[in-house]
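See structure below.
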Amino acid sequence: MFVDRARITIKSGKGGDGCVSFRREPYVPEGGPNGGDGGKGGDVIFLADKNLRTLMDFRYKRKYEAQNGQNGMKNNRYGKKGEDLIIKVPPGTVVIDEETGLVMKDLINHGDSFVAAKGGKGGKGNVHFKSSVRQAPNFAEAGGFSQTRNVILELKLIADVGLIGFPNVGKSTLLSISTSAKPKIANYHFTTITPNLGVVEIFDTSFVMADIPGLIEGAHKGAGLGLQFLKHIERTKLLIHVVDVSGSEGRDPIDDFEKINNELSTFSERLIKKPQLIAANKIDMLNGEDEKYLSFKKYVEDKGYRVFPISALINQGVNELLGAAAAELKRLEKESSSEEEYEYYDFNKEIDDPSYRKIYTSKEGENVYVLEGQQLLKIFNSTNFNDLGSLRYLYQYIVKNGAIDKLKEMGLREGDTIKIFDYEFEYYDEY
Ligand SMILES: Nc1nc2c(ncn2[C@@H]2O[C@H](COP(=O)(O)OP(=O)(O)OP(=O)(O)O)[C@@H](O)[C@H]2O)c(=O)[nH]1
Ligand SMILES: [Mg+2]
């Protein structure tokens with residue numbers, strides 16, 4: 001089975017919490033703080049591995065979690081770092097953030113990798129919060145959050161040349177005669193239901209050729225098997241458009257040619273702009289009706305394409321076609337490095353410490369301001385509300401981030417209420 005799309009959920013590890021602890025020594029009544037830091041949570045990393053060819057595994061396992069960081073411990077011991085989770089995917093896999101629909105990374109080559117979900121930072125132990133005025137910090141920092149996201153994996157075959165055409169025109173036959181690939185060949189439509197790849201070796205060079213299921217009218221809308229495979233050929237550099245020029249199924253070659261190109265251009269602008277060589281196949285079946293071929297050839301050449309009369313069955317004309325393909329690839333290589341034009345996910349927008357959202361509400365003439373935010377929640381969760389030092393740390397964080405200034409701009413006055421999650425306090429200037 002060939003699986004070319006999967007949806008999975010990934011979750012990075014939460015950071016370990018910092019520890020609150022104090023030295024306990026005989027004859028030392030008030031030992032200093034010695035709570036160690038929590039370990040960082042593990043990252044979720046995608047890695048392209050050439051030993052994989054499909055996304056099949058992702059059908060059966062859909063949840064992927066990296067390890068949490070261990071909490072800090074007393075005696076200044078660090079919590080262990082959570083282990084990263086490395087998810088191997090075949091080269092050619094595009095990783096898409098489901099929520100935004102944006103491409104996070106295009107893992108083209110073996111060894112390409114990236115971090116798709118960052119592990120939370122380890123929280124600082126209370127040993128870090130000791131100061132001249134705060135000898136016994138009764139709080140520590142909570143570990144950073146884990147990140148959960150749904151990602152879509154899309155595998156696009158990476159071939160240099162794509163074979164396209166109606167069903168039964170001889171695409172697989174051409175692949176089998178040109179490479180060591182052994183695709184199924186039979187005299188009915190949709191013999192090929194998943195793409196096949198083969199390596200063509202010609203002269204002193206080689207290239208990868210992909211045979212995809214036959215296209216039919218409406219393929220761009222999903223008719224036949226077309227749609228899911230059109231995107232595979234988006235990545236090829238060159239197309240070989242195979243046409244049954246003998247019209248053995250009662251269709252007209254010119255009409256076939258136009259219909260397929262029409263599907264390509266409706267699917268994407270880039271696809272129709274790809275260079276095409278035309279393989280006029282099954283010439284062994286012309287039975288003297290050469291003008292059928294000749295009128296096709298003239299029509300197509302007038303449109304600026306090069307035509308190669310071949311018989312894939314009896315291996316006639318195939319070398320000329322493949323030689324031309326190799327030469328065309330060389331030329332294209334010099335011309336450009338065709339990078340995919342995706343809109344990429346912006347990792348910089350992913351703010352580790354989001355500033356607060358400030359929601360202004362008015363209740364019975366009294367103003368209530370609400371502070372929110374991931375980082376704030378983290379500090380809030382670490383706060384020991386019975387400890388003045390801990391409260392002060394929370395408050396300093398708010399001031400340091402300019403939240404009080406912003407609220408003042410919004411009209412914050414003495415006596416107004418500031419709400420932080422389920423905690424409310426009255427604001428006084430001297431804080
Ligand atoms: N006479 C003749 N028959 C051919 C030639 N090439 C392919 N065929 C026959 O055409 C039929 C279809 O060939 P395939 O290679 O399976 O065609 P395909 O384009 O891969 O078809 P789908 O996978 O269904 O899209 C088979 O019976 C082949 O033997 C040729 O050059 N001459
Ligand atoms: Mg086939």
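Each value in this text was obtained by applying a stated rule to the coordinates, not by laboratory testing. Everything numeric in this text was worked out from a predicted model, so none of it was measured. Ideal geometry is used to build each Cβ from the backbone, glycine not excepted, and the neighbour counts take in all protein chains shown.
Listed values, structure above:
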| read-out | value |
| --- | --- |
| Contact order normalised by residue count of the chain, Cα under 8 Å, 6+ apart, percent | 13 |
| Fewest-first sequence of 106, 84, 204 by Cβ atoms within 10 Å of each Cβ | 204, 84, 106 |
| Eligible lysines near residue 298 by straight Cα distance, threshold 20 Å, same-chain separation 8 or greater | 259, 282 |
| Calculated from backbone phi, Karplus (6.51, -1.76, 1.60) coupling profile of region 110-126 in Hz, x at Gly/Pro | 3, x, 5, 8, 6, 8, 9, 8, 7, x, x, 5, x, x, 7, x, 5 |
| Share of alpha-carbon pairs per 5 Å distance bin for region 1-155, given as whole % | 2, 11, 15, 16, 13, 9, 8, 7, 6, 5, 4, 2, 1, 0, 0 |
| Tensor-based shape of region 50-115 (alpha-carbon gyration tensor, a/c under 1.5 rounded, otherwise prolate or oblate) | prolate |
| Mean ellipticity per residue at 222 nm, deg cm²/dmol - from DSSP H runs of n ≥ 4 across the chain, formula -39500 (n - 2.57) | -7000 deg cm²/dmol |
| Extreme residue, positive dipole direction of region 1-155, given options 137, 8, 122 (C-beta unit charges) | 137 |
| Ranked by how many other beta carbons lie within 10 Å on average, peptides 403-412, 56-65 from highest | 403-412, 56-65 |
| Expected-Rg normalisation [2.2 N^0.38 Å, Cα atoms] applied to region 211-320 | 1.06 |
| 11 Å beta-carbon shell around residue 249, net charge (K/R +1, D/E -1) | -1 |
| Which of 93, 417 has the fewest Cβ neighbours within 10 Å, and the rest in rising order | 417, 93 |
| The chain - charge dipole about Cα centre, Lys and Arg +1 at Cβ, Asp and Glu -1, debye rounded to 20 | 1380 |
| Cβ-based charge dipole, the chain, positive-most Cα from 245, 90, 313 | 90 |
| Proximal lysines to residue 88, defined as alpha-carbon separation beneath 16 angstrom and excluding residues fewer than eight positions away on the same chain | 11, 50, 61, 63, 105, 156 |
| Among 22, 101, 209 - extreme Cα towards positive end, dipole of the chain, charges at beta-carbon | 22 |
| Cα gyration tensor of the chain - equivalent ellipsoid semi-axes, whole Å, descending | 66, 24, 16 |
| For region 253-299 versus region 105-136, the gap between their alpha-carbon centres in whole angstrom | 57 |
